[in-house]
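What follows is a short report on a single structure.
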Protein chains: 2
Amino acid sequence: MSAPTNAPLGDLRVVEVVAFIAAPLGGMTLAQLGADVIRIDPIGGNIDYRRWPLAPSGDSLYWTALNKGKRSVAIDLRRPEGQEIAAALITAGTPGDGGGILLTNLPASGWMGHEALSRRRDDLISLRLTGSSDGTGAVDYTVNCAAGFPMATGPGGAPVNHVLPAWDVAAGLYLATGLLSAERVRARTGRGQEVGLALSDVAIATAANLGYLAEVQVNDTVRQPMGNELYGAFGRDFETAEGRRIMLVAISNRQWRAIGKATGLAEKLAMIGPMMEVDLDDEGGRYAARHAIAAVLAPWFAARRLEEVRAAFEGSGVLWGPYQDFGQLLREDPRCSPANPMFQSVEQPGVGPVLMPASPLSIAGRAPPRAAPPLGGQTDEVLAELLGLSAAAIGRLHDGGVVADAAGR
Amino acid sequence: MSAPTNAPLGDLRVVEVVAFIAAPLGGMTLAQLGADVIRIDPIGGNIDYRRWPLAPSGDSLYWTALNKGKRSVAIDLRRPEGQEIAAALITAGTPGDGGGILLTNLPASGWMGHEALSRRRDDLISLRLTGSSDGTGAVDYTVNCAAGFPMATGPGGAPVNHVLPAWDVAAGLYLATGLLSAERVRARTGRGQEVGLALSDVAIATAANLGYLAEVQVNDTVRQPMGNELYGAFGRDFETAEGRRIMLVAISNRQWRAIGKATGLAEKLAMIGPMMEVDLDDEGGRYAARHAIAAVLAPWFAARRLEEVRAAFEGSGVLWGPYQDFGQLLREDPRCSPANPMFQSVEQPGVGPVLMPASPLSIAGRAPPRAAPPLGGQTDEVLAELLGLSAAAIGRLHDGGVVADAAGR
């Protein structure tokens with residue numbers, strides 16, 4: 001299924017040589033906005049092709065989730081003939097056609113280097129994700145541990161890694177932003193360029209952008225872990241009668257007053273101000289008095305089941321949410337169902353029907369959710385379309401083992 | 001300081017009416033690529049203006065970090081005259097000039113609605129961030145608890161919130177991507193549009209994009225917390241002789257063999273294959289045998305100080321990193337210093353010199369790090385430039401309390 005003809009990026013073509021999360025997610029983000037994203041893989045798949053979790057068929061739920069809506073071409077990239085074909089695909093076309101864009105997380109050397117490729121197409125745009133800014137290898141986990149956040153996460157005593165590969169996700173979205181920025185320059189000047197992004201820079205820049213580094217530098221204060229409490233405002237988790245947990249937050253005064261009203265505890269909460277000598281109409285005051293606030297609220301939650309909490313907070317303006325594991329999210333949350341226009345149930349070959357998201361951006365011409373391709377599924381189609389190869393020429397490449405189709409041949 | 005004249009987004013002008021993290025970060029991302037980003041705030045500041053942490057001066061380290069490189073205009077937005085000025089700033093200019101772009105996380109109604117504004121400029125682009133896709137309010141914390149990740153984070157027993165506001169960060173970058181996509185459409189067709197993004201959709205789409213939802217739907221498996229261990233590969237934290245911790249990861253076989261070589265434990269590690277009946281040249285096999293692998297490696301780390309570990313791993317191809325709190329990151333990591341071309345020391349008015357990042361995207365014409373503006377610091381300049389108001393007319397607005405400058409008048 002193609003993207004709609006009015007898709008925002010409908011005239012862009014991006015060729016990827018990628019693996020893992022960040023770079024494939026960057027390409028997928030563009031595909032969800034209508035770009036023709038062609039992922040080139042070695043025959044048999046790249047290193048991420050069988051990453052866990054796997055479906056009963058052996059197909060990777062990870063790989064299929066991260067490569068939705070792309071076309072797949074399988075090439076023997078160790079052989080010069082294969083490298084020649086890959087380079088020709090990356091640089092196919094002529095200025096103004098929206099092609100000539102490479103996205104990769106492989107090293108910038110040899111046939112894949114920007115210089116070598118731009119000799120074939122001088123308006124080439126290369127986006128290149130690297131690990132650490134000091135030139136060493138790095139992945140999300142080895143960047144994350146150094147970026148400060150795990151030491152400020154959890155109850156304290158030991159660092160806690162977040163499970164979300166947040167730096168990969170952010171890097172993928174930075175790559176999409178960088179690609180569109182470079183393409184915007186090219187549309188105006190005709191000039192291509194190489195754009196770099198180090199995963200470690202994404203993490204460390206974010207620590208700075210959120211003020212954590214200035215807190216050290218200016219205040220000589222290092223953020224400490226404080227469990228599920230918010231810093232600088234009132235917010236924390238509470239347990240319900242049946243042992244479920246919810247997160248409750250008040251940032252604005254309106255949200256704060258909504259809690260008192262919806263729980264019927266406004267009068268008791270108001271006693272905390274003079275008792276703790278704080279101004280409860282101030283975020284900082286509520287933060288300072290957070291343990292007293294929690295002490296008043298905890299019995300209210302402990303006496304109610306989640307559904308009673310939900311009913312009490314409905315339409316109240318209280319800012320809250322239930323904790324849900326991935327099972328509860330999929331099975332119980334209507335936002336995670338085809339009732340949400342972002343989602344559709346789509347048949348993923350090798351996997352079965354899955355609830356599949358489009359781009360979370362609601363934009364005219366957003367592509368509907370589309371399955372990931374089978375590995376090599378569009379090899380012949382893309383060789384014919386981009387390189388003008390005849391069926392006979394393509395057949396010879398298959399016979400020689402230079403390219404493969406979805407059957408791996 | 002202006003952005004370089006060859007900045008990728010040097011001809012774009014974005015007007016923001018925003019607060020908190022996601023939308024301001026989206027705007028800042030564009031400012032770092034050279035866009036003229038004008039943040040409109042109420043006189044005295046929006047609800048996020050004094051958010052913690054604060055510098056000794058009372059200025060917010062949070063606000064200044066998230067609004068770097070923007071211009072600031074302060075307007076009394078409760079008054080019709082103020083709303084008229086804000087609407088005029090948002091819609092100033094004519095098609096083709098790169099203006100007419102609004103970024104906001106306020107409700108799409110009244111004078112700020114897309115329809116009302118596009119009557120003033122019909123190629124208007126509005127980017128609008130909302131909380132939950134069901135129309136209720138939501139912030140990062142109340143989206144995060146429902147998105148599955150806290151229930152899979154930490155040692156188990158209770159959900160653990162990550163401290164990084166990851167959904168805000170991702171949403172900010174989605175907004176940047178969406179804005180460039182819509183602007184690309186406008187450059188080709190002349191048509192503006194309203195683009196929406198719900199924070200809850202960012203989180204739930206990501207849970208799907210990483211395969212967590214398919215794991216439930218296809219395999220009936222809900223990802224469980226497993227501390228600092230990786231899922232599906234070998235990776236976990238280890239303690240050093242002096243009680244520091246490091247993260248060690250092997251995804252590829254090359255990385256796995258590098259661990260054996262650098263620690264001198266290759267022979268012992270090889271015994272684990274037959275002992276645990278797994279193939280250690282397979283990611284899944286290493287995952288299955290992870291406890292045995294950790295048992296062999298732990299004494300090696302426990303016998304060495306961090307600097308000895310660093311020396312042993314230098315140039316070895318081992319994928320690892322030290323845990324660092326925000327203090328150690330700022331004070332000890334050369335990647336987090338002016339030695340990294342992304343960073344410069346910049347004087348932030350009201351705060352002092354801070355280590356400030358440019359965009360992590362290395363792209364021609366990337367703007368150097370620039371301080372956040374004082375609130376209202378560019379009120380007069382922007383009113384004159386965009387609306388052509390005379391000094392006398394601007395003076396009357398100040399006298400009437402409709403606008404204010406950096407002195408709050």
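The residue that is least open to solvent (accessible area, probe 1.4 Å), counting only those in the stretch A:299-313 that are part of a helix (DSSP H, G or I) and more than 11 Å from A:F238 (Cβ to Cβ), is A:F313. Taken over the stretch A:162-192, the residue count meeting the criterion of being in a helix (DSSP H, G or I), touching a residue at least 40 places away in the same chain (Cβ under 8 Å), among the small types (G, A, S) and in contact with a strand residue (DSSP E or B) (Cβ under 8 Å, 6 or more places away or on another chain) is 3. Residues in the stretch B:180-192 that are hydrophobic (A, V, I, L, M, F, W, C) and farther than 19 Å from B:T29 by Cβ were compared, and the one that is least open to solvent (accessible area, probe 1.4 Å) is B:V185.
Against the condition more than 7 Å from every other protein chain (Cβ to nearest Cβ) and either surrounded by 24 or more Cβ atoms within 10 Å (Cβ to Cβ) or over 21 Å from the mean Cα position of the chain (by Cα) (or both), how does A:G211 come out, does it pass? No; evaluated as a whole, the condition is false for this residue.
Number of residues in the stretch A:138-155 that are of a type outside the set (A, V, I, L, M, F, W, C), facing another protein chain (nearest Cβ under 7 Å) and in a loop (DSSP other than H, G, I, E, B): the value is 3.
Summed over the stretch B:309-332, residues that are without any contact (Cβ under 8 Å) to a residue 40 or more places away in the chain, more than 7 Å from every other protein chain (Cβ to nearest Cβ) and not polar (S, T, N, Q) total 6. Scanning the stretch A:341-364 for residues that are within 19 Å of A:R71 (Cβ to Cβ) and part of a loop (DSSP other than H, G, I, E, B) returns A:P349, A:G350, A:V351, A:A358, A:S359.
hydroxyl-bearing (S, T, Y) and within 14 Å of chain B (Cβ to nearest Cβ): is that true of A:T130 in this structure? Talk me through it step by step, then tell me what you get.
Values: hydroxyl-bearing (S, T, Y): yes; within 14 Å of chain B (Cβ to nearest Cβ): yes.
For A:T130, the condition - hydroxyl-bearing (S, T, Y) and within 14 Å of chain B (Cβ to nearest Cβ) - is met.
The numbered conditions (1) assigned to a loop (DSSP other than H, G, I, E, B); (2) among the hydrophobic types (A, V, I, L, M, F, W, C); (3) more than 9 Å from every other protein chain (Cβ to nearest Cβ); (4) within 18 Å of B:Y141 (Cβ to Cβ) are all true for A:L230 except (3).
Do we find a residue being open to solvent by 10 Å² or more (accessible area, probe 1.4 Å) and more than 12 Å from chain A (Cβ to nearest Cβ) anywhere in the stretch B:28-35? No, the stretch B:28-35 has no match at all.
Please work out which one of (1) assigned to a strand (DSSP E or B); (2) out of contact with any Pro (no Cβ under 8 Å at 6 or more places or on another chain) is the condition B:A158 fails and give its number. Here B:A158 meets the rest and fails (1).
Go through A:V249, A:V278, A:V195, A:V202 for me and flag whichever is facing chain B (nearest Cβ under 7 Å), of a type outside the set (S, T, N, Q) and either open to solvent by 20 Å² or more (accessible area, probe 1.4 Å) or part of a helix (DSSP H, G or I) (or both).
Numbers: A:V249 fails: either open to solvent by 20 Å² or more (accessible area, probe 1.4 Å) or part of a helix (DSSP H, G or I) (or both); A:V278 fails: facing chain B (nearest Cβ under 7 Å); A:V195 fails: either open to solvent by 20 Å² or more (accessible area, probe 1.4 Å) or part of a helix (DSSP H, G or I) (or both).
Every option except A:V202 fails the conditions.
Among residues of the stretch A:354-374 that are without any contact (Cβ under 8 Å) to a residue 24 or more places away in the chain, those with a Cβ under 7 angstrom from a residue that is among the acidic types (D, E), sequence gap 6+ or separate chain, pair up as A:P360/B:D201. Comparison of B:A339, B:A358, B:A371, B:A364 shows that the only residue that is farther than 22 Å from A:G196 by Cα, within 14 Å of chain A (Cβ to nearest Cβ) and within 23 Å of the chain's Cα centre (by Cα) is B:A371. Taking into account only those residues within the stretch B:75-103 that are surrounded by 23 or more Cβ atoms within 10 Å (Cβ to Cβ) and under 25 Å from the mean Cα position of the chain (by Cα), which is nearest to A:L213 (Cα to Cα)? Taking the candidates together, the pick is B:L103.
Against the condition closer than 25 Å to B:V222 by Cβ and open to solvent by 10 Å² or more (accessible area, probe 1.4 Å), how does B:A158 come out, does it pass? Answer is yes for this residue. The listed residues are B:P374, B:P369, B:P338, and the only one of them that is over 30 Å from B:E239 (Cβ atoms), open to solvent by less than 10 Å² (accessible area, probe 1.4 Å) and part of a loop (DSSP other than H, G, I, E, B) turns out to be B:P369. Screening the candidates A:L89, A:L129 for the property of being among the aliphatic types (A, V, I, L, M) and in a strand (DSSP E or B) yields one hit, A:L129.
Just one of (1) touching a residue at least 24 places away in the same chain (Cβ under 8 Å); (2) surrounded by fewer than 22 Cβ atoms within 10 Å (Cβ to Cβ); (3) more than 7 Å from chain B (Cβ to nearest Cβ) fails for A:G243. It is (1). Kindly indicate whether A:D59 is farther than 19 Å from B:N209 by Cβ, charged (D, E, K, R), touching a residue at least 40 places away in the same chain (Cβ under 8 Å) and surrounded by fewer than 24 Cβ atoms within 10 Å (Cβ to Cβ). No.
The values are calculated or read from the model by the stated rules, or taken from the named source; none is laboratory data. Because the structure is predicted, anything quoted here is derived from the model rather than measured. Heads up, the Cβs are rebuilt from the backbone with ideal geometry, glycines too, and the neighbour counts pull from every protein chain shown. Surface areas here come from the heavy atoms of the whole protein model, side chains and all, with no ligands, DNA or RNA. Shrake-Rupley method; radii C 1.70, N 1.55, O 1.52, S 1.80 Å.
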